[in-house]
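Peer 1: Dropping the structure in here first, questions after.
The values are calculated or read from the model by the stated rules, or taken from the named source; none is laboratory data. Remember, predicted model here, so these are calculated numbers, not experimental data. Note that each Cβ is placed from the backbone with ideal geometry, even for glycine, and that neighbours are counted across all protein chains shown.
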There are 2 protein chains.
Amino acid sequence: MRLTGQLLIGKSPVTGSKAVINAINPATGETLEPGYAGGGTDEVEQASELAWAAFDTYRETALEVRASFLETIASEIEALGDELIQRCMLETGLPLARLEGERGRTCGQLRLFAQVVRSGEWMGVCIDPAQVERTPMPRSDLRQRHIALGPVAVFGASNFPLAFSVAGGDTASALAAGCPVVVKAHSAHPGTSELVGRAIQAAVAKCRLPEGVFSLLFGSGREVGAALVADPRIQAVGFTGSRSGGTALMKIAQARPQPIPMYAEMSSINPVFLLSEALEARCTNIAKGFVGSLTMGAGQFCTNPGLVIAVKGTALDAFLDATKEALHDTTAQTMLTPGIHQAYKESVNNLATSGKVRELARGRAGESSHQGQAGLYVAAGSDFLADETLQAEVFGATALVVECADMAEVHSIAEALEGQLTATLQLDDGDLASARALLPILERKAGRILVNGFPTGVEVCHAMVHGGPFPATSDSRTTSVGSAAIHRFLRPVCYQDLPDALLPEAIRDGNPLNLNRLIDGRRQPSPDTRG
Amino acid sequence: MRLTGQLLIGKSPVTGSKAVINAINPATGETLEPGYAGGGTDEVEQASELAWAAFDTYRETALEVRASFLETIASEIEALGDELIQRCMLETGLPLARLEGERGRTCGQLRLFAQVVRSGEWMGVCIDPAQVERTPMPRSDLRQRHIALGPVAVFGASNFPLAFSVAGGDTASALAAGCPVVVKAHSAHPGTSELVGRAIQAAVAKCRLPEGVFSLLFGSGREVGAALVADPRIQAVGFTGSRSGGTALMKIAQARPQPIPMYAEMSSINPVFLLSEALEARCTNIAKGFVGSLTMGAGQFCTNPGLVIAVKGTALDAFLDATKEALHDTTAQTMLTPGIHQAYKESVNNLATSGKVRELARGRAGESSHQGQAGLYVAAGSDFLADETLQAEVFGATALVVECADMAEVHSIAEALEGQLTATLQLDDGDLASARALLPILERKAGRILVNGFPTGVEVCHAMVHGGPFPATSDSRTTSVGSAAIHRFLRPVCYQDLPDALLPEAIRDGNPLNLNRLIDGRRQPSPDTRG
């Protein structure tokens, strides 16, 4: 497929009129063609208007139609074949195997949401039948289902050019909920975005859905993004990116005449707690696992383990030695963009020159441009507690180890942490009491708690929570990975005394959609329960 | 019980040091004793600190303990007997039967949440078991449950001195979720608040819960409320009141270093659509029902039907005649406070002098102070569309009828409406097609859609949605009435590969709490399913 450099507004390719974006191959510094002339407020208007026009139809599509649509998107992405992977490699510097895996995850996630749509659990149907004889007042017939919020703006992330970009988790969950989507492409991978955007566009056409179900905008700077979040037809926002970018969009979302939900996944240093027995017994293995997780994908994951916390002593020293050794052997990897590489170097430098840390080890230096060199620093618990800048996320393969005086200081540090996506415990049987004491703190701090693993590698499933208290995300009540992400884009509506002929199928007598329904507060075990 | 005029901070009565609040009997203008010296930031600090200290313990209380606590609160409120009702009558001007009914609703709601707590559905447990053999990567064991957000600030509402005040729906749902509650009492009914606060305090002690589970603050002006919403230990806010008050608190909640969810139920004019066949067939009955709903409780309900929309013609004229007649006969009723009465008079005056409406009828004038006189005004559809100030809520028994040129104008008006708590359709069989065409618009505009009823009288049940798009509420994804209100105060946490000994009971193998659980995305019909 020839890349055109155009925006996709509904079914129409549109050439932008603003500054041109070119991807840069971070491995070589080479500028990639074509250029993508950015859109402006006109294109935001057009895409939002089409999305709005599509909304009432799309949100009431039959479950099977919507599920097939999601599956068709997956097939269309797969049909792009190697072209997609090759272009994505050029734009991101990510290796083949990683991108093939990420494509699998992207398509798997779309198909998971297709199953979710079919099951209908997401509608959260409950029915409280009328009680005509009740005294002193009869009860009306009351039925609740969830409906889509409205058109959703999605911001592609740089670090998952497939799985959290144009057809990524935010888009998949919003489409599954019945929301049209307008994507603002990440400027780092416009060609990848165009290819995937065209795949979605093709799926919209194949499934005979209104064209406004999907649009793709390009634009440098913040003009397009800000206009999109401010557009009155946009009813929710999905964003994965930096804390500064996320909080800026949060402010716009809240300052609208009608404030809207803004789901920003932003910043997390993902603390790893090494408990004493585990450290004694397995310091070398833990060190290897840790360095593997730290350096995976050049450390460019939201769940990268950027903080290690343990009580100082010979076991921790042994762990540090083993980590140092493992880290020395790591090769520098190409980072996603020149800008990310530059920011990484600056963040590492800020940490190294903070006066509060000592350098433990660096990985091998890069041999070509934009390669991120791994790093490990050590700070004392008291210094970490005294200086909250040491909690700043370093986006890349650098971590800070905090040496604590005792478990009391470990607790103080856990309490002092900002909100996190994850918290990890390395423990053995003898550590259970310590772990149990930490757990209530970690539950308050993080969306996901792991034992004896590492936080990178986020499973796309039903129980996943990729979320957490601010600033990990803007809304700890949700997740952006996994099937529960659909709930972000829904709201409940109650129908009181509607005649069956007016009721949506999901809440009609006779349960024509065979849904699990909560009747009078009791879950009906089998379908076909009459409401 | 002797009223002391003190704040309740945990188990301690505390005398405030700020300006003294006295309730005023709105029926007589008489000042009621005792005075309640307001708290300041010190008392906010103390209450929040106690709530925070109680949080980890309270959120993990056994389901039975928490359910019993809610039931004990209900019993303690009932044990206050006539004293509560008498004091509440003096402070609010509301009649005996209404307050007895409201007490029943308040206690019923607490007991409903006790059932909800016991059922455990609110934890939303789902388990994706490990897949050790999966290739290329094994899957970890992933389990999700919901936990409480943290201490919640609740603002008592003036218009439900029992059911949406100190032990009202916000408090009940937050306590059910496992959140300690700090209530800012409404200054209109401090004595009622103290009595109910002491009932909760007694229940905390009887159930041997940490004292910080509940505190009650008094304070004039906005100092206490603003400090409470800004306090870093407060993690969510429940508010029922005016649009200006709600949006001011929203701003504070969002401007915190860590923004928090703010659930404000604010402003709604609850449109009633009269479709043509129904109007032809039943105009007199609809008029009677409408006037009954409009004037109930002096119109001081969030769901008061303040807007009627119909196509002009002889049927609408007949409805207006019947409404006029019914309204003429209504007696003025004492409003909740002198301030509310004054604001009502001003709102009616603004409407009457807008130059866009004509007066159709007024009810009888009041014979004593602070009685609200009912009113009905008529505007042309085109004028309503041209002037959004005609959508301003008039808090009291005054409504506006909009005469439309045709159904197309009815649709335009429906589309032009702000977010609403409710939308009502009066229809007969011949109106089904018209209703079906309006329904998608109403679903986007309102949290609850009624047919052939009136919006006042909000059932406390599972399917209820007392919520809706802004400005009806600050968060359309939720409800403040009914069992689903509990979800406002919860967030999901995922547990990855935790040994059974560390897992919370709700997600342990063997399902010791006998919960409905979603296993691998499939709902398990019977308990005892092994995860």
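Peer 1: Among the residues of region A:458-474, is there at least one that is touching a residue at least 60 places away in the same chain (Cβ under 8 Å) and either of a type in the set (D, E) or in the same structural domain as A:A174 (by TED's automatic domain parsing) (or both)?
Peer 2: No, that holds for no residue.
Peer 1: Kindly indicate which of B:T389, B:T456, B:T422 is touching a Lys or Arg at 6+ places or on another chain (Cβ under 8 Å) and of a type in the set (V, I, T).
Peer 2: Of the residues listed, the single one that is touching a Lys or Arg at 6+ places or on another chain (Cβ under 8 Å) and of a type in the set (V, I, T) is B:T422.
Peer 1: Condition first: touching a strand residue (DSSP E or B) at 6+ places or on another chain (Cβ under 7 Å) and within 13 Å of chain B (Cβ to nearest Cβ). Can you find one or more residues in region A:302-317 that meet it? Reasoning before the result, please.
Peer 2: Restricting attention to region A:302-317, the residues satisfying the condition of being touching a strand residue (DSSP E or B) at 6+ places or on another chain (Cβ under 7 Å) are A:302-303, A:305-312, A:316.
Narrowing further to those that are within 13 Å of chain B (Cβ to nearest Cβ): A:303.
Within region A:302-317 (the criterion being touching a strand residue (DSSP E or B) at 6+ places or on another chain (Cβ under 7 Å) and within 13 Å of chain B (Cβ to nearest Cβ)), the answer is yes, since at least one residue qualifies.
Peer 1: Let me ask another. Based on what the data block shows, is B:P190 surrounded by 24 or more Cβ atoms within 10 Å (Cβ to Cβ), modelled with pLDDT of 95 or more and under 20 Å from B:V65 (Cβ atoms)?
Peer 2: Here the answer is no, as B:P190 does not meet what is asked.
Peer 1: Hey, another quick one. Name, by its number, the condition in (1) crowded, with 21+ Cβ neighbours inside 10 Å; (2) touching a strand residue (DSSP E or B) at 6+ places or on another chain (Cβ under 8 Å) that does not hold for B:E121.
Peer 2: (1)
Peer 1: What do you reckon, is A:R59 closer than 20 Å to A:E211 by Cβ and modelled with pLDDT of 95 or more?
Peer 2: yes
Peer 1: For B:A433, indicate whether it is closer than 24 Å to A:L498 by Cα, at pLDDT 95 or above and of a type in the set (A, V, I, L, M, F, W, C).
Peer 2: When the stated conditions are applied, B:A433 passes them.
Peer 1: What residue, among those in region A:136-146 that are closer than 14 Å to B:G457 by Cα and assigned to a strand (DSSP E or B), is farthest from the other protein chains (Cβ to nearest Cβ)?
Peer 2: Per the stated criteria, the residue is A:R139.
Peer 1: Among the residues of region A:487-516, what is the count of those that are touching a residue at least 12 places away in the same chain (Cβ under 8 Å) and within 10 Å of chain B (Cβ to nearest Cβ)? Before the answer, list the steps.
Peer 2: Narrowing region A:487-516 to residues touching a residue at least 12 places away in the same chain (Cβ under 8 Å): A:487-498, A:503-504, A:506-511, A:513-516.
Next, only the ones that are within 10 Å of chain B (Cβ to nearest Cβ) stay: A:487-498, A:503-504, A:507, A:516.
Residues flagged as touching a residue at least 12 places away in the same chain (Cβ under 8 Å) and within 10 Å of chain B (Cβ to nearest Cβ) within region A:487-516 amount to 16.
Peer 1: Among B:L94, B:L8, which is the only one that is of a type outside the set (G, A, S), surrounded by 15 or more Cβ atoms within 10 Å (Cβ to Cβ) and over 30 Å from B:G178 (Cβ atoms)?
Peer 2: Of B:L94, B:L8, the one residue that is of a type outside the set (G, A, S), surrounded by 15 or more Cβ atoms within 10 Å (Cβ to Cβ) and over 30 Å from B:G178 (Cβ atoms) is B:L94.
Peer 1: All but one of (1) within 11 Å of chain A (Cβ to nearest Cβ); (2) in contact with a strand residue (DSSP E or B) (Cβ under 9 Å, 6 or more places away or on another chain); (3) surrounded by fewer than 21 Cβ atoms within 10 Å (Cβ to Cβ) hold for B:V132, so report the exception by its number.
Peer 2: Among (1) within 11 Å of chain A (Cβ to nearest Cβ); (2) in contact with a strand residue (DSSP E or B) (Cβ under 9 Å, 6 or more places away or on another chain); (3) surrounded by fewer than 21 Cβ atoms within 10 Å (Cβ to Cβ), the lone unmet condition for B:V132 is (1).
Peer 1: Please find, within region B:476-498, the residue that is nearest to A:S480 (Cα to Cα) out of those that are among the basic types (K, R) and more than 13 Å from the chain's Cα centre (by Cα).
Peer 2: Pass one, region B:476-498, residues among the basic types (K, R): B:477, B:488, B:491.
Restricting the remaining residues to those that are more than 13 Å from the chain's Cα centre (by Cα) gives B:477, B:491.
On the way: B:R477: 17, B:R491: 13 Å.
This residue is B:R491.
Peer 1: State yes or no: is A:G212 crowded, with 24+ Cβ neighbours inside 10 Å, within 26 Å of A:E418 (Cβ to Cβ) and in the same structural domain as A:K11 (by TED's automatic domain parsing)?
Peer 2: no
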